[in-house]
Amino acid sequence: DAKTTQPPSMDCAEGRAANLPCNHSTISGNEYVYWYRQIHSQGPQYIIHGLKNNETNEMASLIITEDRKSSTLILPHATLRDTAVYYCIVLSGGYNKLIFGAGTRLAVHP
Amino acid sequence: EAEVAQSPRYKITEKSQAVAFWCDPISGHATLYWYRQILGQGPELLVQFQDESVVDDSQLPKDRFSAERLKGVDSTLKIQPAELGDSAMYLCASSHLLANSYNEQFFGPGTRLTVL
């Protein structure tokens with residue numbers, strides 16, 4: 001079973017920041033938080049990952065709370081092409097198995 | 001930019017027939033994954049290879065599904081016989097040898113299977 005809880009859907013206006021929350025209250029100290037997204041009819045795409053510090057790359061920022069029980073993926077200036085299903089995943093297992101839940105369906109509108 | 005290749009992109013078959021999907025990972029990636037994604041759900045790992053060896057096939061229905069990666073490069077996933085419930089997207093992904101929990105997987109476009 002997935003170790004994360006995400007809202008099923010969210011809306012965002014184009015050009016505004018999209019903040020996607022994720023709860024992972026049972027995360028262990030050595031488990032990473034990964035975010036992937038899946039645009040319609042494509043395979044999932046890696047976005048970002050982190051352990052306990054906030055992370056930023058060219059796609060997004062990841063904010064992890066101090067107790068590590070939740071995190072937020074931030075798309076600073078959402079575009080229509082960011083419309084996708086976003087998956088928050090806690091990396092688990094000896095061979096680092098990604099277990100996908102249902103994700104959050106983000107709709108970016110003009 | 002290197003990509004994971006999959007074929008065919010679409011496959012329609014009748015139940016009880018055999019089907020096979022092919023995947024060519026990004027060159028140099030030691031780890032290869034096959035996922036199944038039912039409409040409206042997230043991908044579910046079926047099998048994971050490290051080079052030519054299976055390291056996780058706990059979710060693979062072994063009575064009808066088989067997977068191989070004979071030379072540690074490309075891979076084939078087979079279903080025999082296909083059932084109506086096998087209709088789904090079959091995704092292949094690859095990654096570098098796992099180290100320190102870093103696991104960026106690169107996914108192919110998938111094969112959409114419809115069983116009639």
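What follows draws every value from the coordinates through simple rules; no lab data is involved. Model, not experiment: these values are computed from the prediction. Counting neighbours? That spans all protein chains shown, and the Cβs are built from the backbone with ideal geometry, glycine included.
Can you tell which of B:I12, A:L73, B:S95 lies farthest toward the positive end of the dipole of the protein assembly as shown, using +1 and -1 charges on the Cβ of basic and acidic side chains (Lys, Arg; Asp, Glu)?
B:I12
If neighbour count is taken as other Cβ atoms inside 10 Å, put B:W34, B:W22, A:W35 in order from fewest to most. It would help to have the intermediate numbers written out before the result.
Values: B:W34 26, B:W22 14, A:W35 23.
Lowest to highest Cβ neighbour count: B:W22, A:W35, B:W34.
Using a Cα-Cα cut-off of under 20 Å, which lysines could be cross-linked to B:K78, ignoring same-chain neighbours fewer than 8 residues away?
B:K11, B:K15, B:K62
In debye, nearest 20: dipole of the protein assembly as shown around its Cα centre with unit charges on the Cβ of K, R (+) and D, E (-)? All intermediate terms of the calculation are to be shown ahead of the outcome.
On the way: 19 positive and 24 negative charges, 76 e Å.
Computed charge dipole of the protein assembly as shown: roughly 360 debye.
Quick one: if you stick a label point 7 Å off each Cα along the C-beta vector at B:D51 and B:A18, how many nm between them?
Result for the modelled spin labels: 2.9 nm.
Please give the average number of partner chain Cβ atoms lying within 10 Å of the Cβ of each residue in A:41-48, rounded to a whole number. Could the numbers behind the result be given before it?
Values: counts 5, 5, 16, 10, 4, 7, 1, 1.
Neighbouring Cβ atoms belonging to other protein chains average 6 per residue here.
Quick check for me: using +1 on Lys/Arg Cβ and -1 on Asp/Glu Cβ, what's the dipole size of segment B:1-54 about its Cα centre, in debye to the nearest 20?
Working: 4 positive and 7 negative charges, 69 e Å.
The dipole of segment B:1-54 has a size of about 340 debye.
Under a straight-distance cross-link criterion of Cα-Cα below 26 Å, which lysines are reachable from A:K69, leaving out those fewer than 8 residues away in the same chain?
A:K3, A:K52, A:K97
Report, as an integer, the average count of C-beta atoms from other chains found within 10 Å of each Cβ along B:106-113. Don't jump to the answer; show the numbers that get you there.
Working: counts 4, 7, 2, 3, 4, 0, 1, 0.
Partner Cβ neighbours, averaged per residue: 3.
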